[in-house]
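These notes are about the structure you will find just below.
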């Protein structure tokens, strides 16, 4: 496994955390639980009809592009499609509940369903949509580093700041902006949706499932005004960590929390608003990416590793995940849905897997004057989605199931999303 493993607060749950990180096996502890979100959008009047469109559009993005269903469980369930198949493979070799806890998953679905029902009862009319962005200082750094001999590696992990080389090396390519879309009922902000590109990991590998410093910043913001419900999502963070600025200590976590909080608070104070009745558009394009040709990630090799009980459990989990990716992309190929909600004031785009931060820069260039709010961790079979330059630099990971050539295809999809009349 590479040094930059995602945390459970993002939309893919890799569990138990102690197994994936290679730490000693201990029971996972759930912490930083998000509160149920209320104060949603009213379906009854004209503003409510506008609100309903927003809900459907954002819901499409947040569900990873899956078609809408009436049952809330169907909204949430598809997220575990590939992970569920991987766990089935693990079950067949006696590794039950190694990848995720089915009882916990069912409990989350039940609580989410109840929260959604309660939110509808507490609906408010949507009248305005806001946007703001602020620079986050000294949090993000690229995994890519170059040593004194000119050798390129992607070795800067999330807590690499304890080593002088990683701490002193330039931050590299990042996107320093934290972006916020907000939804308003007249002068009252109801919901803020914040996005920033970094692995949200300070200290980890101890068996605790946590939303880490970004979740702590969100909670701190929520306490300032209980009428506003902030949400956080990671952007295209595949090659971005806090490693330059984080040594894995509790003090570093607090510093990282404060820096994210400061940017969120600045966005709350500076949001510019647009009348929601001006309308917006949900667009979606299909993206076809190819499975890797890496010899170690082919079906026969991974099947042998899955069956080999002499291998570490982490290795067998990776084999199961790889086989699930192979099935989804080779045996039963389905294009990846890339949705975009164009609010006029800004565009929200869901990217597949652990897309690299270069895709955020690409999206903004293609979007021109309209800001883009990128969200990562959509379709999960890809694992990392490196840019062409990262492939050229030799990026290779056990969590990489996509072949080179992704950047050109993603650029074409973004061009069509942002310029729907151009073919």
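The values are calculated or read from the model by the stated rules, or taken from the named source; none is laboratory data. Keep in mind the model is a prediction, meaning the values are calculated, not measured. Ideal geometry is used to build each Cβ from the backbone, glycine not excepted, and the neighbour counts take in all protein chains shown.
General observations
- Top-ranked residue of segment 74-103 - restricted to ones that are surrounded by fewer than 15 Cβ atoms within 10 Å (Cβ to Cβ) and within 22 Å of the chain's Cα centre (by Cα), ranked as modelled with the highest pLDDT: 102
- Subset of segment 105-140 [over 28 Å from residue 374 (Cα atoms) and either surrounded by 17 or more Cβ atoms within 10 Å (Cβ to Cβ) or without any contact (Cβ under 8 Å) to a residue 40 or more places away in the chain (or both)]: 106, 107, 110, 121
- Summed over segment 279-292, residues that are at pLDDT below 95 and either surrounded by 12 or more Cβ atoms within 10 Å (Cβ to Cβ) or closer than 15 Å to residue 399 by Cα (or both) total 2.
- Flag if residue 173 is in a helix (DSSP H, G or I) and at pLDDT 95 or above: no
- Any hit, segment 349-360, residues being more than 29 Å from residue 297 (Cα to Cα) and surrounded by 18 or more Cβ atoms within 10 Å (Cβ to Cβ): yes
- Among the residues of segment 372-391, the ones that are out of contact with any helix residue (DSSP H, G or I) (no Cβ under 6 Å at 6 or more places or on another chain) and surrounded by fewer than 19 Cβ atoms within 10 Å (Cβ to Cβ) come to 2 in all.
- For segment 217-250, filtering for residues that are in a helix (DSSP H, G or I), surrounded by 22 or more Cβ atoms within 10 Å (Cβ to Cβ) and either out of contact with any strand residue (DSSP E or B) (no Cβ under 8 Å at 6 or more places or on another chain) or modelled with pLDDT under 95 (or both) leaves 0.
- Subset of segment 392-403 that is at negative phi and over 21 Å from the mean Cα position of the chain (by Cα) - its residue that is surrounded by the fewest Cβ atoms within 10 Å (Cβ to Cβ): 392
- Segment 392-418: number of residues that are outside any loop (DSSP other than H, G, I, E, B) and either touching a helix residue (DSSP H, G or I) at 6+ places or on another chain (Cβ under 7 Å) or closer than 12 Å to residue 338 by Cα (or both): 11
- Reported count of residues in segment 176-192, each being exposed (fewer than 13 other Cβ atoms within 10 Å of the Cβ) and either in contact (Cβ under 8 Å) with a residue 40 or more places away in the chain or not in a loop (DSSP other than H, G, I, E, B) (or both), is 1.
- From the options 195, 266, residue that is touching a residue at least 60 places away in the same chain (Cβ under 8 Å), under 20 Å from residue 374 (Cβ atoms), within 23 Å of the chain's Cα centre (by Cα) and not in a strand (DSSP E or B): 266
- Segment 295-345, residues that are outside any helix (DSSP H, G or I), within 15 Å of residue 89 (Cβ to Cβ) and touching a residue at least 60 places away in the same chain (Cβ under 8 Å): 309
- Of all residues making up segment 113-145, the number that are part of a helix (DSSP H, G or I) and in contact with a helix residue (DSSP H, G or I) (Cβ under 6 Å, 6 or more places away or on another chain): 2
- Scanning segment 146-159 turns up at least one residue that is crowded, with 16+ Cβ neighbours inside 10 Å, closer than 30 Å to residue 248 by Cα, in contact with a helix residue (DSSP H, G or I) (Cβ under 7 Å, 6 or more places away or on another chain) and modelled with pLDDT of 95 or more.
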